[in-house]
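Participant: Have a look at this one.
The values are calculated or read from the model by the stated rules, or taken from the named source; none is laboratory data. Please read all numbers here as calculations on a predicted model, not as lab measurements. Cβ atoms come from the backbone with ideal geometry, glycine included; neighbour counts cover every protein chain shown.
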Ligand code: ATP
Ligand code: MG
């Protein structure tokens, strides 16, 4: 049944029914079959009565339940509001440290993000601190952002650039992106999953590209390759864990103050194989179209970790080659996805051209593995310096 149908049958508001259903998740009384459909253990009425009780008990026992996040953290600045939820810079009231807090609707898919992050321990992956669930209404944050002092203003140019977007240089747009929403209960005060992680002060690779493309900062070929090498190290580690990231793009690659590269946004992560060792059947149509591998784009369902190599080829190109206008990008990008490079690029970067071309192979098996790419960059392209995790951005 949908929340709407249950609401109708039990004479309640849909919004409160949704709250109850999310409160009962994990009790065995309700099961979420897909985005909208719920399976109830008894009749809708019984379930909702028990849901109301649980909700009321929660409120009586813990008068501040739903506010544990705000009891322990001060909001500093909103960092991003993506398809899945909301990310903010926060300051822990006790330890005084800054963290990034991601708040998403709580469901089984959201748990995958936490489990994958918790499983990863690598200098080029965003470090996970902890996660918990609570009933929360994201709208309260909207109000706070304008009215509360704790939501302090950006205090440096660096911070404001961290929240910039790639703007008209990007082929990416809300309409182009696969809608990634797993529901909107967080906006209505439903169960939310809070993911506390390391705060990457220097913003995203999108910001890095904007700064470079608009001439604010000079970057050399070596700078670009050093960044790429760190990305590859992170991806090699993800693949070594039997995981596929599935949404590698500049917005999901971050920098810390000491210029270490961190891969973030594990919202679409999935494992390569099922328990019997066969290829997993993937959920169709996920990812970000302009960076997505052809097999992911065409909704094929048995792709593997090589689906991550294709976007890395595009990212490597972008790191090396300045694209100054949206028009230029619109011309270059479709060709690039077909392994056709600007002539000037091929002349200036012949070795990189060969490598990127392989990474962009239509046939996933022809793409090199992350470990091979890392080795190649280290041995041939950055031979004069030692590489992994070097801080030269
Ligand atoms: P999208 O729809 O772009 O994929 P999302 O909802 O999946 O977004 P994330 O990509 O995890 O969420 O985060 C959204 C944005 O928040 C990022 O693009 C980045 O700007 C910022 N952000 C996320 N995590 C961090 C972090 N650890 N430190 C600093 N900024 C972060
Ligand atoms: Mg993202």
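Participant: From 245, 239, grab the single residue that is more than 16 Å from ligand 2 (Cβ to nearest atom) and either under 23 Å from residue 294 (Cβ atoms) or buried (at least 22 other Cβ atoms within 10 Å of the Cβ) (or both).
Facilitator: Going through 245, 239 in turn, just one is more than 16 Å from ligand 2 (Cβ to nearest atom) and either under 23 Å from residue 294 (Cβ atoms) or buried (at least 22 other Cβ atoms within 10 Å of the Cβ) (or both): 239.
Residues are listed down the side, and each one gets a yes or a no for (1) within 22 Å of residue 14 (Cα to Cα); (2) surrounded by fewer than 16 Cβ atoms within 10 Å (Cβ to Cβ); (3) modelled with pLDDT of 95 or more:
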position	(1), (2), (3)
59	yes, yes, no
64	no, yes, no
121	no, yes, yes
150	no, yes, no
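Participant: Let me ask something else about it. Only one of (1) within 12 Å of ligand 1 (Cβ to nearest atom); (2) at pLDDT 85 or above; (3) within 30 Å of residue 327 (Cβ to Cβ) is not met by residue 219, so which one is it?
Facilitator: (1)
Participant: So, one more: Is it the case that residue 16 is at pLDDT below 75, under 27 Å from residue 101 (Cα atoms) and not in a helix (DSSP H, G or I)?
Facilitator: When the stated conditions are applied, residue 16 does not pass them.
For every residue, the table says whether it meets (1) in a loop (DSSP other than H, G, I, E, B); (2) more than 17 Å from the chain's Cα centre (by Cα); (3) surrounded by 17 or more Cβ atoms within 10 Å (Cβ to Cβ); (4) within 15 Å of ligand 2 (Cβ to nearest atom).
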{"site": "88", "(1), (2), (3), (4)": "no, no, yes, yes"}
{"site": "96", "(1), (2), (3), (4)": "yes, yes, no, no"}
{"site": "100", "(1), (2), (3), (4)": "no, no, yes, yes"}
{"site": "103", "(1), (2), (3), (4)": "no, no, yes, yes"}
{"site": "111", "(1), (2), (3), (4)": "no, no, no, no"}
{"site": "115", "(1), (2), (3), (4)": "no, no, no, no"}
{"site": "118", "(1), (2), (3), (4)": "no, no, no, no"}
{"site": "134", "(1), (2), (3), (4)": "no, yes, yes, no"}
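Participant: Name the one entry in 80, 51 that is crowded, with 16+ Cβ neighbours inside 10 Å, modelled with pLDDT of 75 or more and either touching a strand residue (DSSP E or B) at 6+ places or on another chain (Cβ under 9 Å) or not assigned by TED's automatic domain parsing to the domain that holds residue 125 (or both).
Facilitator: 80
Participant: Still on this structure, please answer the following. What helices (runs of 4 or more DSSP H), lying completely within the stretch 313-367, carry at least 2 residues that are within 19 Å of residue 288 (Cα to Cα), assigned by TED's automatic domain parsing to the domain that holds residue 288 and over 25 Å from the mean Cα position of the chain (by Cα)?
Facilitator: Passing ranges, in order: 326-337.
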